Amino acid sequence: MMQRISGYRRGEAMRQKEIKRRPDWKDLYKRKTHDEVELEVGMELPHGPVLFYNELVADHSTNPRNVGRMTDADGFAHIGDPSCGDEMQLWIRIDGGRIADIKFQSSGCAGAVATSSMATVLARGKTIEEAKRITDADVIRALEGRPGRDGTCILSGISALLAAIGDYEQKNAAKR
């Protein structure tokens with residue numbers, strides 16, 4: 001009894017035989033050297049890692065300030081889109097009308113962590129009104145440039161700060 005082979009499997013088997021018949025089929029799996037790639041592309045490529053972050057952004061992304069949770073927060077915000085992996089939680093504690101303590105946790109990219117870290121640095125010690133006036137542009141200026149390419153996720157720190165302040169104000173309005 002003859003076994004019937006589907007068209008896809010037959011085509012795949014024939015393609016594999018063709019590849020094996022070619023004298024250079026083993027070369028298909030060899031990695032090219034850096035010099036070979038440069039010749040192929042026709043230009044010199046950078047050696048070593050290519051960084052899209054300046055030193056300040058790299059520092060804030062690898063050593064973020066004010067990271068953690070706060071159990072006795074006066075205001076809290078949870079923003080982001082968990083389906084794409086960018087989420088941020090931010091807590092603030094108010095004392096005497098000023099942001100006495102601020103903490104955040106982020107599951108975003110390095111740029112999102114760096115901008116969130118800088119947003120908390122800029123907000124700490126400010127009055128509520130001063131903190132409300134902090135903008136994305138202030139964070140970018142403080143970091144000496146926009147980290148990464150584009151995307152709103154890198155500027156989630158200010159959104160979370162404003163949402164946490166809104167939460168604090170809403171709680172205080174309910175107490176009155």
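The values are calculated or read from the model by the stated rules, or taken from the named source; none is laboratory data. Being a predicted model, the structure only gives us computed values, none of them experimental. Note: ideal-geometry Cβ built from the backbone for every residue, glycine included; neighbour counts use all protein chains shown. Side chains are part of the model used for accessible areas, which takes the heavy atoms of the whole protein and leaves out ligands, DNA and RNA. Shrake-Rupley method; radii C 1.70, N 1.55, O 1.52, S 1.80 Å.
Before moving on, here are some points about what is shown:
- If you filter region 154-176 down to residues that are hydroxyl-bearing (Ser, Thr, Tyr) and farther than 10 Å from residue 75 by Cβ, you find that the one that is least open to solvent (accessible area, probe 1.4 Å) is 156.
- Positions within region 124-145 being free of Cβ contacts under 8 Å to residues at least 40 places away in the same chain and not aliphatic (A, V, I, L, M), in sequence order: 125, 126, 127, 129, 130, 132, 133, 135, 136, 138, 141
- Taken over region 105-123, the residue count meeting the criterion of being in contact (Cβ under 8 Å) with a residue 24 or more places away in the chain and part of a helix (DSSP H, G or I) is 13.
- Of the residues making up region 95-116, one or more are within 15 Å of the chain's Cα centre (by Cα), buried (at least 23 other Cβ atoms within 10 Å of the Cβ) and aromatic (Phe, Trp, Tyr).
- Any hit, region 60-71, residues being outside any helix (DSSP H, G or I), at pLDDT below 80 and surrounded by fewer than 11 Cβ atoms within 10 Å (Cβ to Cβ): no
- Scanning region 87-145 for residues that are hydrophobic (A, V, I, L, M, F, W, C), over 13 Å from residue 160 (Cα atoms) and modelled with pLDDT of 95 or more gives 94, 99, 100, 121, 122, 128.
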